[in-house]
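What follows is a short report on a single structure.
What follows is calculated from the coordinates using simple rules that are stated; it is not laboratory data. From a predicted model like this one, the values you see are computed outputs, not experimental measurements. Virtual Cβ from ideal backbone geometry, glycine too; neighbours counted across all protein chains shown.
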Amino acid sequence: MRRQSMLLEKVKGHLKDCAKNEGREYDRPPDGGWGWVVVFAALCNLGFMYGTVRSLGVFFVPMMETFDTNAGTTSWVVSTLMGCSFACGPVSGALIRKFGSRPVAMTGGVFVCIGYFLSSFATEIYHVYVTLGLVAGVGVSLTHVASTSIVSRYFDRRRGLANSLALMGTCIGSFALPPLFQLLIDEYGMRGSLIIIAGLELQACVFSSFFRPIQLKGDAKKLTRAEEENSSEAVLKDTPSRTLCCCNIIDKSLFRVPAYLVHIGTMMLFTFSFPTLIFFIVPRARSIGIEEYSAAFLLSANAITDVIGRLSSGLIMSFRPSPLKRLWLAVIAALCLGVTSLVFTLSKTYTLMLVMCVLFGLFSGLFVPTIVTVIPDFVEIAKFPQALGTMLLFNGVMQLIGSPVVGWLFDVTGSYNVSFLLCGGMVVTSALFRLTAHCIMGDMGFCRSTTDRTKPVVFIEAEQKKLLKTTHFPDEPVVIELETTV
């Protein structure tokens with residue numbers, strides 16, 4: 001009885017912590033344990049969310065036929081969805097810092113479900129812009145940022161592998177969903193399919209319930225001495241405010257980190273083209289006479305090698321992990337992806353398109369995990385949600401422009417080849433921009449791992465007096481922890 005009573009008390013204590021959105025405190029991320037359950041839940045969330053988005057190419061032709069629109073107008077559906085999901089990134093990050101990943105991710109699942117359900121009743125393409133683009137886009141943002149943030153909090157040394165496994169959900173969904181969606185369209189039509197998809201998206205609420213909160217020692221700010229010109233009074237830096245307001249949605253200190261700014265610029269160029277390339281694979285195949293199910297299988301083949309690429313990327317980044325290795329992997333993978341997109345225009349048969357989709361999936365799989373994994377190399381882990389959200393905001397602007405431009409090029413030229421050339425050139429440019437910028441910043445050794453961010457610095461007594469402008473110091477040197485971000 002006593003043992004059962006102790007066990008019951010532990011369970012009550014755990015439930016109380018969950019209700020307060022607090023969890024066990026760790027000195028550093030545990031790199032395992034319950035973290036692997038969190039990775040699986042994030043994998044499922046991203047599989048349903050972005051797997052569906054990447055499979056919307058199957059709906060491209062049915063939407064044009066249903067609403068009697070051209071390619072440019074129809075492409076705004078995915079453009080608004082992705083643009084809104086990216087643009088809401090800062091708000092999602094701020095909400096996560098206030099409420100935690102679990103409630104935010106579950107709320108996102110509800111929004112996405114409502115968005116797809118309402119889209120089934122649309123009578124004009126402009127209605128779909130609001131229901132699928134705006135409503136579902138907000139939900140995708142909430143679930144995406146929450147799922148990615150909680151994984152990064154559970155892992156440090158194995159962060160590359162954990163992020164790669166979680167992001168594999170996108171390509172697993174891309175592999176399984178296109179044939180399913182084509183079958184649903186044939187059986188129930190476009191509107192009936194959207195209702196069924198709404199039910200699938202609601203499963204994000206179930207998986208998000210596994211996002212157990214975790215407290216890291218670095219979350220609580222330590223007592224520090226602030227340098228002031230006319231005062232020697234010490235300043236206590238408190239725990240980050242839990243109040244959500246416009247002033248803390250975007251952390252302005254992030255814009256003082258050059259490496260982070262380079263990452264944002266690179267991703268803006270990349271985001272302009274990459275989602276559009278995925279979206280137009282099926283329409284291009286249909287335009288050269290490939291039948292529906294074979295065209296849909298191209299996305300599945302792309303997703304299979306995407307899984308292999310993401311798993312390989314995680315293993316590469318986890319073996320003797322270093323920021324320099326992650327940087328080079330991002331540059332090389334993006335270059336190969338851009339070249340593959342340029343060569344894609346030469347594929348005139350189904351076999352050649354299948355080969356290009358295989359290579360496209362492999363290189364995109366190698367690159368995508370680096371997008372998230374390199375961010376903690378630039379900023380501290382406590383600021384990760386807002387850093388990711390801010391990056392997604394800028395990406396959303398480019399995404400909002402990218403798809404309509406590519407669709408407009410098809411309407412003008414009558415061929416998807418020009419669009420693929422433009423997108424491939426943008427991907428190559430993004431890789432060269434990153435490489436050039438970091439070479440200028442100094443021999444590619446531009447950042448340090450998160451474990452090296454806080455180092456003890458010993459000042460002698462005279463230096464302390466000059467820096468802190470205080471008068472009383474002990475005889476021995478004082479060790480002060482300075483938090484530096486490169």
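Remark: the stretch 123-133, residue by residue, has Karplus-estimated 3J(HN,Hα) of 10, 9, 4, 5, 5, 5, 4, 7, 6, 7, x Hz, where x stands for each Gly or Pro and the curve is 6.51 cos²θ - 1.76 cosθ + 1.60 at θ = phi - 60°. Evaluate E = 1/(1 + (r/R0)^6) for Asn70 and Ile195, where r is the Cβ-Cβ distance and R0 equals 30 Å; express this FRET efficiency to the nearest 0.05. Efficiency computed from Cβ-Cβ geometry: 0.70.
Applying the Karplus relation 6.51 cos²θ - 1.76 cosθ + 1.60 with θ = phi - 60° to the stretch 98-109 yields 3J(HN,Hα) values of 8, 9, x, 6, 4, x, 5, 5, 5, 4, x, x Hz, where x marks Gly and Pro.
The value obtained for the stretch 297-401, namely the Cα convex hull volume divided by the number of residues, is 114 Å³ per residue. Ranked for footprinting exposure by Cβ neighbours inside 10 Å, fewest first, Asp31, Asp68, Asp377 give Asp68, Asp31, Asp377.
Label-to-label distance for Trp34 and Glu187 is 3.8 nm, based on points extended 7 Å past Cα in the beta-carbon direction.
By the count of other C-beta atoms within 10 Å, a proxy for reagent exposure, Val343, Val77 are ordered fewest to most as Val343, Val77. Footprinting exposure proxy ranking of Met353, Met49, fewest other C-beta atoms within 10 angstrom first, gives Met353, Met49. A crude spin-label estimate for the pair Leu342 and Phe121, with each label 7 Å from Cα along the Cβ direction, gives 5.0 nm.
Trp328 label point, 7 Å along Cα→Cβ, cut-off 20 Å on backbone N: hits in the stretch 334-365? From the stretch 334-365, the list is 334-338, 363-365. Distance from the alpha carbon centroid of the stretch 399-426 to that of the stretch 94-147 works out to 27 angstrom. With R₀ fixed at 25 Å, the C-beta to C-beta distance from Ser294 to Trp408 puts the FRET efficiency at about 0.35. Between Leu421 and Met441, the contour length at 0.36 nm per residue exceeds the Cα-Cα span by 4.2 nm. Each residue of the stretch 353-367 is assigned a 3J(HN,Hα), and the resulting list reads 5, 5, 5, 5, 5, 5, 5, 4, x, 5, 6, 5, x, 5, 7 Hz, derived from the Karplus form 6.51 cos²θ - 1.76 cosθ + 1.60 (θ = phi - 60°), x at Gly and Pro.
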